[in-house]
1. Determine, yes or no, whether residue 94 is among the hydrophobic types (A, V, I, L, M, F, W, C) and either part of a helix (DSSP H, G or I) or free of Cβ contacts under 8 Å to residues at least 40 places away in the same chain (or both).
2. Of 33, 73, 42, which residue is at pLDDT below 95, of a type in the set (A, V, I, L, M) and within 23 Å of the chain's Cα centre (by Cα)?
Amino acid sequence: MKERKETKKGEKIKVGFVLLVGALIFVAGAFVLLRFLGQKELPMKNESKKCGIESCHGLEITCGEKVPEVCSLEYQVGDFCRNYVSCKMVGGKCVLAKEREFDLCKSCAEECEKKYQEETEKLFECENLCREKIKD
């Protein structure tokens, strides 16, 4: 009877060892598979996302993570108005923050574009008047 208990005890140890080895192989395989598939590590909670204006010029402004690193030196009508907007994180989301002057500036610049589509010099003169209106 003692011999039978020892046999059962030995079998339990073997089964436990096999399960442990199997679990280790499974974990190692999962790790290798995730690395092979190119899974990135999850960001830490305290890491901040990039948040900024996603375009360099114009009045169609969106906020997000795709912030250009370099912008051209060209100037487009309405670029001045961009001084009155920014992007900020609110509740974990990147959102547009507009000052009151932005909407005034944007509507004025768009009106100039409608009036002087074909007359570039007058278009920029008109936009300059928008700047002066906003400063007052």
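1. So residue 94 fails the test.
2. Result of the check over 33, 73, 42: 42.
So that you can scan it fast, the table gives a plain yes or no per residue for (1) crowded, with 18+ Cβ neighbours inside 10 Å; (2) out of contact with any strand residue (DSSP E or B) (no Cβ under 9 Å at 6 or more places or on another chain); (3) free of Cβ contacts under 8 Å to residues at least 60 places away in the same chain; (4) not hydroxyl-bearing (Ser, Thr, Tyr):
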| position | (1), (2), (3), (4) |
| --- | --- |
| 60 | no, yes, yes, yes |
| 64 | no, no, yes, yes |
| 71 | no, yes, yes, yes |
| 77 | yes, yes, yes, yes |
| 101 | no, yes, yes, yes |
| 133 | no, yes, yes, yes |
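The values are calculated or read from the model by the stated rules, or taken from the named source; none is laboratory data. All values reported here derive from a predicted model rather than from experimental measurement. Please note: Cβ atoms are built from the backbone with ideal geometry, for glycine as well, and neighbour counts cover all protein chains shown.
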